[in-house]
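Structure, as C-alpha cells:
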Amino acid sequence: MELGISDPSAIDLEAIAWDEGVRVQYKDLTGCEARLVGYNNRAIVTIRKTADPRRKRFSLAHELGHWNYHRGRSFECRVDDWIEGYNSKPIEEKEADKYASELLMPAYLFEPLAKTIKRPTFDGIKELADKFNTSLTATAIRLVNMNVWPLLLVSHSRNGRVWFSRSKDVPERWFPQKELNQDSMAFDMLFGTEERARPQKIPADAWFNIREAERYDIIEDALRIASNQVLCLLWLENDEMLNDESYSRISR
C-alpha cells in the first residue's frame, strides 16, 4: 500500500478516511470499540472516545479495512488488536486486520526500520511500535509476518496456548506445544508475578515436542500483556532449524 509518505509519523488516518468518503467521530460506545455505517460511497466510523490512543488508531484503520473490502455492509467491531482469537477470527475480521496492519505499518517503511533492530526482542519491537504509533502486539505480529527474522509469536493463558503466528522461513514442523513447559520463561511469568525478564537462550524442546528439538537452543523473550496472558517471541537463530535436509538426516 503506497501512501507517498516517507515517515511513519506522517500517516494521517483521518485524512485518509476523509479522502475515502468516511467521516470519523469519537463517542461513548458500549460493548464495542468501533462502528461502521455505510451507504453508497459515504460512511461514518464511530470510535470509542475513551479508548487508548493507539487502539483508536487501530480501530479506525480496521474499520477502513471493512470499508475497502466489505463496502455496502455495516460492522460493529470489538477490535481486540489481535490479542485474543487471532487464529479463529471470521475471514472479514482477518481481512480488516490485515488492511489495518498494512495501512499503519506499510512494508516499504516498516521493513527497512525493522532491519535496523540489532536483535528481535520486545525491546526492539517497542522501538518500532513507538515509531509507528501502534500497539506492541500488532507490531510484533507485523514483524513476524514480514519475515525479517525466523520467529514465532505465541500467546498463552493459564488454560494453554491461545494463538500463534510464525514467519514464512520457519518450517511448519516447529509447532509450539499447547501447554507451557516449566523450563520456559513464559511459565514463570504466567504463573508468577514477574512482568518482564531479559531474553534468554533456552533448550528448544521447552517449546517444541519433536525429537529434533533436543539438539538446539532458541532465544525466548516473554512479556505479560494481561493478568492471565503472556506473549512470547521465539527466535530460531540456528540456521539448521530452518533446513529441511538437516531434519531429514535426523529423522532417519
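Things worth noting here:
- The residue that is surrounded by the most Cβ atoms within 10 Å (Cβ to Cβ), counting only those in the range 14-33 that are of a type outside the set (S, T, N, Q) and at pLDDT below 90, is Glu33.
- Whether a residue is among the aromatic types (Phe, Trp, Tyr), touching a residue at least 60 places away in the same chain (Cβ under 8 Å), buried (at least 16 other Cβ atoms within 10 Å of the Cβ) and touching a helix residue (DSSP H, G or I) at 6+ places or on another chain (Cβ under 9 Å) was assessed, and Phe164 does not pass this test.
- For the range 202-220, the criterion of being within 20 Å of Ala140 (Cβ to Cβ), part of a loop (DSSP other than H, G, I, E, B) and open to solvent by 40 Å² or more (accessible area, probe 1.4 Å) is satisfied by no residue at all.
- Qualifying residue in the range 169-176 (condition: over 22 Å from Met146 (Cα atoms), open to solvent by less than 70 Å² (accessible area, probe 1.4 Å) and either modelled with pLDDT under 90 or not in a helix (DSSP H, G or I) (or both)): no
- Restricting attention to the range 221-241 and to residues that are more than 12 Å from Leu153 (Cβ to Cβ), in contact with a helix residue (DSSP H, G or I) (Cβ under 9 Å, 6 or more places away or on another chain) and assigned to a strand (DSSP E or B), the residue that is most open to solvent (accessible area, probe 1.4 Å) turns out to be Arg224.
- Only residues that are under 17 Å from Glu95 (Cα atoms), assigned to a strand (DSSP E or B) and touching a helix residue (DSSP H, G or I) at 6+ places or on another chain (Cβ under 6 Å) were counted across the range 19-70, and they come to 2.
- Pairing each residue of the range 111-125 that is touching a residue at least 24 places away in the same chain (Cβ under 8 Å) and assigned to a helix (DSSP H, G or I) with any residue that is of a type outside the set (A, V, I, L, M) and open to solvent by less than 90 Å² (accessible area, probe 1.4 Å), provided the two are 6+ apart or on different chains, yields C-beta distances under 7 Å for Phe122/Asp221; Ile125/Thr139.
- Selection from the range 115-159 of residues that are open to solvent by less than 10 Å² (accessible area, probe 1.4 Å), farther than 19 Å from Arg57 by Cβ and of a type in the set (A, V, I, L, M): Val144, Leu151, Leu152, Leu153, Val154
The values are calculated or read from the model by the stated rules, or taken from the named source; none is laboratory data. Quick caveat: nothing in here was measured; it's all calculated off a predicted structure. Cβ: placed from backbone, ideal geometry, glycine included. Neighbour counts: every protein chain shown. Only protein heavy atoms, including side chains, enter the accessible area calculation; ligands, DNA and RNA are left aside. Shrake-Rupley method; radii C 1.70, N 1.55, O 1.52, S 1.80 Å.
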